[in-house]
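Q: Sending over a structure as structure tokens; questions will come in a sec.
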Amino acid sequence: MRNLLVYNFEILDEEEIFVKSGIIIYMFDSFKCLRTFDKLRIRKNKGLFYRGSTYIEKENITKLKKIVFSWKELFSEASEEFVLTGLFNEKLDEYERSNYNKIEVIESLENLITLCEKAEKKNKILRCRKITVRMENNK
């Protein structure tokens, strides 16, 4: 077993999906057009909070869905296995690089699009947070 850092997107008290952290980090800047907030609605943000939970509602869920759809289309042009550049690792003095499987990436983004559609229909809020999950295999 190994631990994997993922972003957890969930309709509060309902369904949730996971997207590998490296994929969300790669897409991170494109989320800055979203208006988001923290749980208490005290801190407002553009995009996802890097630490803690991000809450997304109404028209911003629609924007999130469009952004994710666009990225899904871009990743559909990737080779079956591809590498993404991540954050800068100061200890190694280089950028992190991670390998991804095209089918898995597209499937996770399609799941996020479906979750957005369900939240829209139910007029629910989405919560996004970074968590560590234990993986049974290498997926």
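The values are calculated or read from the model by the stated rules, or taken from the named source; none is laboratory data. Keep in mind the model is a prediction, meaning the values are calculated, not measured. Here the Cβ is made from the backbone with ideal geometry for all residues, glycine too, and neighbour counts use every protein chain on show. Accessible surface is based on the protein model in full, side chains and every heavy atom, while ligands, DNA and RNA are left aside. Shrake-Rupley method; radii C 1.70, N 1.55, O 1.52, S 1.80 Å.
Q: Please pick out the residue among S70, S79 that is surrounded by fewer than 14 Cβ atoms within 10 Å (Cβ to Cβ), at pLDDT 95 or above and within 15 Å of the chain's Cα centre (by Cα).
A: Values: S79 fails: within 15 Å of the chain's Cα centre (by Cα).
Matching residue, one of S70, S79: S70.
Q: How many residues does the range 93-113 contain that are open to solvent by less than 60 Å² (accessible area, probe 1.4 Å) and over 15 Å from A78 (Cβ atoms)?
A: So in the range 93-113, the residues open to solvent by less than 60 Å² (accessible area, probe 1.4 Å) come out as 98, 100-102, 105-106, 108-109, 112-113.
With the extra rule that they be over 15 Å from A78 (Cβ atoms), the set shrinks to 112-113.
Summing the residues that are open to solvent by less than 60 Å² (accessible area, probe 1.4 Å) and over 15 Å from A78 (Cβ atoms) in the range 93-113 gives 2.
Q: I'm checking my understanding of the structure. Among residues of the range 114-123 that are touching a helix residue (DSSP H, G or I) at 6+ places or on another chain (Cβ under 9 Å) and more than 14 Å from E10 (Cβ to Cβ), which one is surrounded by the most Cβ atoms within 10 Å (Cβ to Cβ)?
A: Among those that are touching a helix residue (DSSP H, G or I) at 6+ places or on another chain (Cβ under 9 Å) and more than 14 Å from E10 (Cβ to Cβ), it is E120.
Q: So which residues in the range 1-19 are farther than 22 Å from E120 by Cβ and either loosely packed, with under 13 Cβ neighbours inside 10 Å or at pLDDT 95 or above (or both), if there are any at all? Walk me through how you get there before you give the answer.
A: If we filter the range 1-19 for residues that are farther than 22 Å from E120 by Cβ, which is where we start, we get 1-6.
Selection gives M1, R2, N3.
Q: To continue, here is another question. Which condition breaks for I56 when tested against (1) of a type in the set (A, V, I, L, M); (2) crowded, with 16+ Cβ neighbours inside 10 Å; (3) farther than 22 Å from T132 by Cα?
A: All conditions pass for I56, except number (3).
Q: What do you reckon, is C128 touching a residue at least 60 places away in the same chain (Cβ under 8 Å), open to solvent by less than 70 Å² (accessible area, probe 1.4 Å) and in contact with a helix residue (DSSP H, G or I) (Cβ under 9 Å, 6 or more places away or on another chain)?
A: On the way: touching a residue at least 60 places away in the same chain (Cβ under 8 Å): yes; open to solvent by less than 70 Å² (accessible area, probe 1.4 Å): yes; in contact with a helix residue (DSSP H, G or I) (Cβ under 9 Å, 6 or more places away or on another chain): yes.
Here the answer is yes, as C128 does meet what is asked.
Q: Only one residue in N60, N99, N45 is free of Cβ contacts under 8 Å to residues at least 60 places away in the same chain and under 17 Å from L4 (Cα atoms), so which one is that?
A: Every option except N99 fails the conditions.
Q: Additional query: (1) closer than 19 Å to N8 by Cα; (2) hydroxyl-bearing (S, T, Y); (3) without any contact (Cβ under 8 Å) to a residue 24 or more places away in the chain: which one isn't true of S79, the others all being true?
A: The number of the failed condition is (1).
Q: Identify the single condition in (1) of a type outside the set (S, T, N, Q); (2) out of contact with any Asp or Glu (no Cβ under 6 Å at 6 or more places or on another chain); (3) over 15 Å from L115 (Cβ atoms) that K102 does not satisfy, given that it satisfies every other one.
A: (2)
Q: With R43, R97, R35 as the choices, which residue is of a type in the set (K, R) and over 23 Å from A119 (Cα atoms)? Break it down stepwise before answering.
A: Numbers: R43 fails: over 23 Å from A119 (Cα atoms); R35 fails: over 23 Å from A119 (Cα atoms).
Every option except R97 fails the conditions.
Q: Something else now. From (1) outside any strand (DSSP E or B); (2) under 16 Å from L5 (Cβ atoms); (3) of a type in the set (S, T, Y), pick out the condition that doesn't hold for T132.
A: Of the numbered conditions (1) outside any strand (DSSP E or B); (2) under 16 Å from L5 (Cβ atoms); (3) of a type in the set (S, T, Y), the odd one out for T132 is (1).
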